[in-house]
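Inspection log for the structure reproduced underneath, given as structure tokens.
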Amino acid sequence: MAHSLSAKKRARQNTKRRVVNRARKSQVKTQIKHFEAALSRGDVETAQEQIRLVTTKLDKTAATSTMHKKTAARKKSRLANKLNALKAKKG
């Protein structure tokens with residue numbers, strides 16, 4: 001348990017930030033699930049719309065340092081590769 005005032009305040013701040021960060025990460029995961037559901041259905045139009053939303057959400061999450069910028073870039077790249085594979089398969 002924190003003893004000094006500054007350590008107590010830091011503990012309060014950390015709990016608040018943790019809640020916000022977890023909520024942001026959860027939103028990203030949910031958005032990715034929607035995208036992957038569209039992929040599994042083979043729906044290219046919906047998948048393109050979803051990847052746009054996922055990309056926006058990842059960029060915003062990375063900008064607030066909830067997630068590292070390169071982690072967000074890696075996730076976007078992998079999702080884009082999946083979409084491109086679907087497009088190639090559809091012809």
Notebook entry, point to check: Somewhere in region 22-42, is a residue at pLDDT 95 or above, of a type in the set (Gly, Ala, Ser) and more than 30 Å from residue 90 (Cβ to Cβ)?
Noted result: yes
Item checked: Any pair with Cβ under 8 angstrom, 6 or more apart, that starts in region 66-91 at a residue that is more than 21 Å from residue 22 (Cβ to Cβ) and in contact (Cβ under 8 Å) with a residue 40 or more places away in the chain and ends at one that is not charged (D, E, K, R) and not in a helix (DSSP H, G or I) -> 86/42; 90/42
Note to self: Taking the condition of being more than 15 Å from the chain's Cα centre (by Cα) and not hydroxyl-bearing (Ser, Thr, Tyr), how many residues in region 44-62 meet it?
What the structure shows: 5
Margin query: If I ask for residues that are surrounded by 10 or more Cβ atoms within 10 Å (Cβ to Cβ) and in a helix (DSSP H, G or I), which ones from region 1-12 would you list?
Written below: 7, 8, 9, 10, 11, 12
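The values are calculated or read from the model by the stated rules, or taken from the named source; none is laboratory data. Note that this is a predicted model, so its numbers are computed, not measured. With ideal geometry, Cβ positions are generated from the backbone for all residues, glycine too; neighbour counts draw on all protein chains shown.
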